[in-house]
Amino acid sequence: MKTLLITGGAGFIGSNLIRYLLEAGDAPERIVVLDLLTYAGHLENLRGVLTPERIYVPKESLRLHEVPFRVRRESLYSGEISLPFSAYNKIESFGFRWIDELDELDELLQEDGLHFVLGDINDGRLLAHLFPHVDSVIHLAAETHVDRSIMDPSAFIRTDVHGTFSLLEAARRHWKNFKKKRFLHVSTDEVYGEIKSGHASENYPLMPRNPYSSSKAAADMLARAYHTTYGLPVVVARPSNNYGPYQHPEKFIPLMITNAIEGRALPVYGNGRQRRDWLFVKDTARALYLLLKKGRPGEAYNISGSCEMENIEVIDKILGLLGKPRDLIKFVKDRPGHDRRYAMDSSRIREELGFVPEWDFDRGLRVTVEFYRNNSEWWEKIKREDEETRKFLESWYSSLEF
């Protein structure tokens, strides 16, 4: 594989995957990141490995984009083009390169190294210029927060379902020889729904119970269908709950850590007895690249951390590492349709490819807590200055009953 396209590569798992590839010395010659830099994507996640001259902003792509754009500073105007409001600080602090015509990408993407393209996975014209240059895809771009999916399901259908369809179609139309290509679609353990007992294997029925998991299950089915119908070499990865550095601070573990550091209340749904299987993001990155190279097309693979714990146990560990009092915990009204337990059987990836997690939870959590302790400027900026994140945190948690 010479050129790898990573959608959502400025997000949590994507940025950790890129760092893993570069540090392991096993990266393809070229890595192309496609990311719209919505609230969950941050170029800061790639600082130190991404250079401004490799950050491309296609004017034509933004002009045709369906999502409304806002700007805050004159420097971000270029004729009728403007950047997404959530991206303005993220990209301006790095510098970037305007792309007047999409044809310019054809030459730029011939160069080795890491490239970043600001764009939407639903933009068919942009995908038509990218896919002839790539021979493998790791599709991570997605809306992933269950709470947000309850507030606004439409964004999840657009990104997770239609976005996956757009990428699959681009691969089908623009890849000449499927035998030399690879497409890894990254899903979630939540597609199996609530597992009251036992563990879900890859053959377990998909029974999602919220808009987020339903959108991912729909994307899974599309990916499998494109393999069966067209022979597209698609592999589906289903990791369990991830945690680690660079995770957005509105997610469960980062929210608990950052609120505890600030001495703020830790909102805990219901009685906090929901069980999740935790997987450190560095193990996820290793598993995803392994599946891209060696996973059987047409198959799904569970990636389990084999570390099942109740949410309240996780919070107690966080408070212990930070030396914070337990009275910061505030139990709130449970969210609608809250799944009590997720649990997967990951024997397929273990037996076929030899993958087992290397990080135990206590070790991974220590590293994660230290990251947020030492990078307060990063997460404080997101929680305070990113308009969409701030509004979500204020509106969602203010509506809960303390």
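Nothing in this text is a laboratory measurement; each read-out follows from the coordinates by a stated rule. Here the structure is a predicted model, which is why all the values come from computation and not from measurement. Counting neighbours? That spans all protein chains shown, and the Cβs are built from the backbone with ideal geometry, glycine included.
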Net lengthening on full extension, residue 179/residue 358 (0.36 nm per residue, minus Cα-Cα) = 61.2 nm
Computed over the Cα atoms of the stretch 308-369, what is the convex hull's projected area averaged over all directions, in nm²?
-> 6.0 nm²
Once you have a ≥ b ≥ c as the square roots of the Cα gyration tensor eigenvalues for the stretch 254-366, tell me rounded if a/c is under 1.5, and otherwise prolate or oblate according to whether a/b is larger than b/c.
-> prolate
Which entries in the list 251/282; 324/383; 90/251; 59/216; 196/330 go over 24 Å, if you measure between the two C-alpha atoms of each?
-> 59/216; 196/330
Estimated FRET transfer efficiency when R0 is 35 angstrom, pair residue 108-residue 385 (beta carbons, to 0.05) = 0.65
Cα shape, the stretch 229-272, gyration tensor, a/c 1.5 rule | prolate
Just the Kirkwood number for the stretch 154-286, please: inverse of mean 1/r across all distinct Cα pairs, in Å, one decimal.
-> 17.0 Å
Using +1 on the beta carbon of Lys and Arg, -1 on that of Asp and Glu, and nothing else charged, what's the dipole of the stretch 250-402 about the Cα centre, debye to 20?
-> 80 debye
Assuming R0 = 25 Å, can you tell me the calculated FRET efficiency for the pair residue 373 and residue 316, based on Cβ-Cβ distance, to the nearest 0.05?
-> 0.90
Between residue 125 and residue 366, with labels modelled 7 Å along Cα→Cβ, what's the label distance in nm to one decimal, could you check?
-> 5.4 nm
In nm, what is the difference between 0.36 nm times the number of residues separating residue 332 and residue 23 and their Cα-Cα distance?
-> 107.1 nm
P(r) over all Cα-Cα pairs of the stretch 322-402, 10 Å bins from 0 to the longest distance, whole percent per bin, short to long, reads 12, 22, 38, 22, 6
Stretched out fully, how many nm does the piece from residue 293 to residue 101 gain, at 0.36 nm a residue minus the Cα gap?
-> 65.8 nm
Charge dipole magnitude, Cβ of K and R +1, D and E -1 - the chain, Cα centre, debye nearest 20 = 740 debye
Pairs of Cα atoms under 8 Å, at least six residues apart: use those to get the relative contact order of the chain, whole percent.
-> 16 percent
Report, ordered by chain and residue number, the lysines lying within cross-link reach of residue 2, taken as a straight Cα distance under 21 Å and ignoring same-chain residues fewer than 8 apart.
-> 176, 179, 180, 181, 293, 294
Does the chain classify as rounded, prolate or oblate by the C-alpha gyration tensor (a ≥ b ≥ c root eigenvalues; a/c under 1.5 gives rounded; else a/b over b/c gives prolate, otherwise oblate)?
-> oblate
Would you work out which of 3, 94, 183 lies farthest towards the positive end of the dipole of the chain, given +1 charges on the beta-carbon of Lys and Arg and -1 on that of Asp and Glu, about the Cα centre?
-> 183
Enumerate the amide H contacts of residue 184 below 5 Å, restricted to partners 5 or more residues apart or on another chain; note that Pro and chain-start residues carry no placed amide H.
-> 137, 138, 139, 235
